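One structure below.
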Amino acid sequence: MSRERVSIERGTSEERSERWAQPTRRASTVEPTQVAIIGAGPAGLLLSHLLHLAGVESVVLERRSREYVESRVRAGVLEHPTAELLREVGLGERMDRVGLVHAGIELRFDGVDHRVAFDELVGKTITVYGQQEVVKDLVAARLRDGGQVEFDVTETAVHDIDTDAPYITYVDAHGAGQRLDCDVVAGCDGFHGIARGAVPAAVLRVLDRTYPFAWLGILAEVPPLHEELIYARHALGFALCSMRSPEITRLYLQVDADETVEEWPDDRIWEELAKRLAVDDGGTVNVGPVLDKGVTAMRSFVAAPMRQGRLFLAGDAAHIVPPTGAKGMNLAIADVSLLARALPALLRGSPDLADAYSETALRRVWRAEHFSWFMTSMLHRTGDDFDEQLALSQLRYIAGSTAAATSLAENYVGLPFA
């Protein structure tokens, strides 16, 4: 590519905007790229890695520090096709070495465990491997391969997406204004990022649902209660027992949407977990030091289309699911698996895959949205007695029907990437 880059001295926002808008470009240390990627989460980093394997240049821009993105605790379940993809592209070594392969989950209700055996029902498994670990592997791979990942960038803005020459302006970690010219922009910067806002409001259709409860999550230095995930429905509310390693447990409690962490001291959390995870034949909750805790809002959200001109949205920038179905990170990876084929073809002059990207991705998105809503409504207390009986009826059906259990297993382990 032959486009120049512009480096602009730091000034007020108005001054920078005016300079960036000038047609005259000055020399800069920032080189042009084929694909500019906003966001260094799993979606953005994996897309950069996949494009590298396809011979396509990219630059990743991230507003947070490397330390932050490599340490933030988020999703922890990898679907079967996600794990397979990571292995296929040379990113599975550490995952296979330290990740925890699970062949099923436990549904705990009526004081009894009911196992859904993925391996027996659909012949597949899931892998428990934290999102931060995936990010560490991806950052290491991009730096090893000479990839360009810029952390601590601010004031990022997308321009001219409806032309063949879009560009991004931003302030780099040293405080210098930069202009990054490219052929394509990939918005992988999450729900609160700037990419989705570049799509005109008249074009974007947003559908969402906010749930009247939230999750209080803790990370505890204590062995997991069980070798597989436990999803518990209780009259007091939902509880989930997960893990990140044989020594670190991830636990969640359903709380009211307006509750705060301060309302939940550690002792109260352990007492509530013991109640909601109780079973008729005994058992207890392993108690230990709480390393981290926070409250996560529960919502479903889809913005469509996922493409506008030369801007493509992926992951949480386009859709959010409640975490009950373990779909968030996996959906993001499914999106970029499509983009990794569509963008190289587009750059070669074959636009068909790119033109079909939004429609193709949204089919899988809506399947995951439905499954996540299904799991959420089945396992959470709403305070409505009618809802309570419907949920228990569905749980009992799954526990007693191979067909119902197979449907849950098929969706949980992940449908094939399109």
Cβ density ranking, 10 Å radius, fewest first, applied to PHE213, PHE312 yields PHE213, PHE312
If the chain between GLU247 and ASP208 were fully extended at 0.36 nm per residue, the gain over the current Cα-Cα distance would be 10.3 nm
Most fluctuating of GLY55, GLY193, GLY328 in the GNM of the chain (C-alpha, under 10 Å) is GLY55
In nanometres, the difference between 0.36 nm per residue of separation and the alpha-carbon distance of VAL89 and ASP266 is 59.6 nm
Under Stokes-Einstein, the chain at 20 °C and 1.002 mPa s, with its Kirkwood radius over C-alpha pairs, diffuses with a coefficient in µm²/s of 95 µm²/s
Expressed as a whole-number percentage, the relative contact order of the chain with C-alpha contacts under 8 angstrom and at least six residues apart is 19 percent
Going from the fewest other Cβ atoms within 10 Å to the most, one would list ASP352, ASP152 as ASP352, ASP152
Computed, not fitted: 222 nm per-residue ellipticity of the chain from DSSP H runs ≥ 4 (each -39500 (n - 2.57)), nearest 500, equal to -11000 deg cm²/dmol
Most exposed first, judged by fewest Cβ atoms within 10 angstrom, MET306, MET243, MET95 run MET95, MET243, MET306
Across 5 Å bins beginning at 0, the whole-percent shares of Cα-Cα pair distances in the stretch 36-98 come to 4, 15, 22, 25, 22, 12, 1
Sorted on mean Cβ neighbours within 10 Å (highest first), peptides 179-188, 388-397 come out as 179-188, 388-397
Taking N as the number of residues in the stretch 334-373, the ratio of its alpha carbon radius of gyration to 2.2 N^0.38 Å works out to 1.32
Sorted largest first, the C-alpha extents of the stretch 258-353 along its principal axes in whole angstrom are 63, 31, 23
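Here, each number is a calculation from the coordinates, and none is a lab measurement. Not measured: the values here are computed from a predicted model. Heads up, the Cβs are rebuilt from the backbone with ideal geometry, glycines too, and the neighbour counts pull from every protein chain shown.
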